[in-house]
Amino acid sequence: MLKFVIKRVLSLIPVLLIITLILFVLLQLMPGDPVNAYLGQGSKTTPEQQERIRAQLGLDKSPVVQYFNWIGRTLKGDFGSSIQYRKPVKEIIGTYIWNSFLLNIVSLVLAFAIAIPVGIKSAVNKYGKFDNFWTVFSLIGMGMPSFFFALLLIFFIAVPIDFFPLNLMQDPLKAALGYENFFAEILDILRHMILPVVVLTIISLASLIRYVRNSVIDVINQDYIRTARSKGLSEKVVIYRHAFRNALIPVVTLIGLYIPTLFGGSILLETVFIWPGIGKMLYSGVMNRDIWLVMSSNTFYALLTVLGNFVSDVSYAAVDPRVKLE
């Protein structure tokens, strides 16, 4: 186990370096000037003033020097300053990432809570009406883009019903004047969360149901399940005591793979619902060539992806004693 952990940690270093190098090259090739994005449209600054600003942002040096300077600062915990927000990148990511995490953790818990019992029942009643209904639901959910589903909810639910607000994460007026109490603030946030959580839950639910269903079907066709039935055990005992525990082994590994999703946010969904998450922030950073913000955010995602795969491997070995980490 220790050997496996050390090997994974060592392999993480070159992977992250390659990813950051590719990101930096792509950002350098993008059209536009970060200084112009910093100054805004219609700025009347002189070329001398622009050069001073370029030097303040660390963009006056060669791309190679800029890259290694960023690596050095990052190792010290300094991710640079955002060109667009004019704040430290660490502060911006620390603010927006938890907004995305709030949406994704709620939707993921709901998706797993629904997908596991539905997937089990669909597997037990394979090709029945219940299974056919959820099969069609899964196919539609996996085939429909999240932003299109979000637009449908806005048009048919949010617009006719005034209860579902579409402005940011909180009501701007209430947030500025102050809430009556803590519960009033929580209720306001929950109202803003309902529609994006519904979209995320259904999109995740569509694939999870199919995954759980297929996993359970594979298990209930095994010889030891037939043996358990031949001993006269009830179908409920066979399914939930024997089949269910083994069918969950591959499902547990999905939790690690969902770690990047929890913190990653959704660019299109957060843009449609005007949710102040890290996905929307990253989209704005790319459009404004906020180089250090984009570099730090994507490096963080890469780190989460590698850690997610590591957690999946470890969790698989934890729930299945037959699997050994080499």
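The values are calculated or read from the model by the stated rules, or taken from the named source; none is laboratory data. The model shown is predicted, which means the values in this text are computed figures rather than measured ones. Cβ: placed from backbone, ideal geometry, glycine included. Neighbour counts: every protein chain shown.
Worth pointing out:
- Answer residue from segment 124-153, given it is charged (D, E, K, R) and in a helix (DSSP H, G or I) and is farthest from Pro196 (Cα to Cα) among those: Lys129
- Index of the failed condition, Ser297 passing every other in (1) hydroxyl-bearing (Ser, Thr, Tyr); (2) surrounded by fewer than 16 Cβ atoms within 10 Å (Cβ to Cβ); (3) under 20 Å from Gly80 (Cβ atoms): (2)
- Residues in segment 175-185 that are surrounded by 11 or more Cβ atoms within 10 Å (Cβ to Cβ) and at pLDDT 70 or above: 3 in all.
- Helices (runs of 4 or more DSSP H) wholly inside segment 9-114 that include at least 2 residues being loosely packed, with under 14 Cβ neighbours inside 10 Å and either on the phi < 0 side of the Ramachandran plot or not hydrophobic (A, V, I, L, M, F, W, C) (or both): 47-56, 63-75
- Screening the candidates Asp223, Asp188 for the property of being surrounded by 14 or more Cβ atoms within 10 Å (Cβ to Cβ) and at pLDDT below 85 yields one hit, Asp188.
- Pairs with Cβ under 6 Å, 6+ apart, first in segment 298-312 and in contact (Cβ under 8 Å) with a residue 60 or more places away in the chain and under 25 Å from Val25 (Cβ atoms), second hydroxyl-bearing (Ser, Thr, Tyr) and assigned to a helix (DSSP H, G or I): Thr299/Thr20
- Condition met for Met142 (at pLDDT below 85 and under 23 Å from Val272 (Cα atoms)): yes
- Residue count for segment 248-297 satisfying the condition of being of a type in the set (Ser, Thr, Tyr) and within 17 Å of Ala111 (Cα to Cα): 4.
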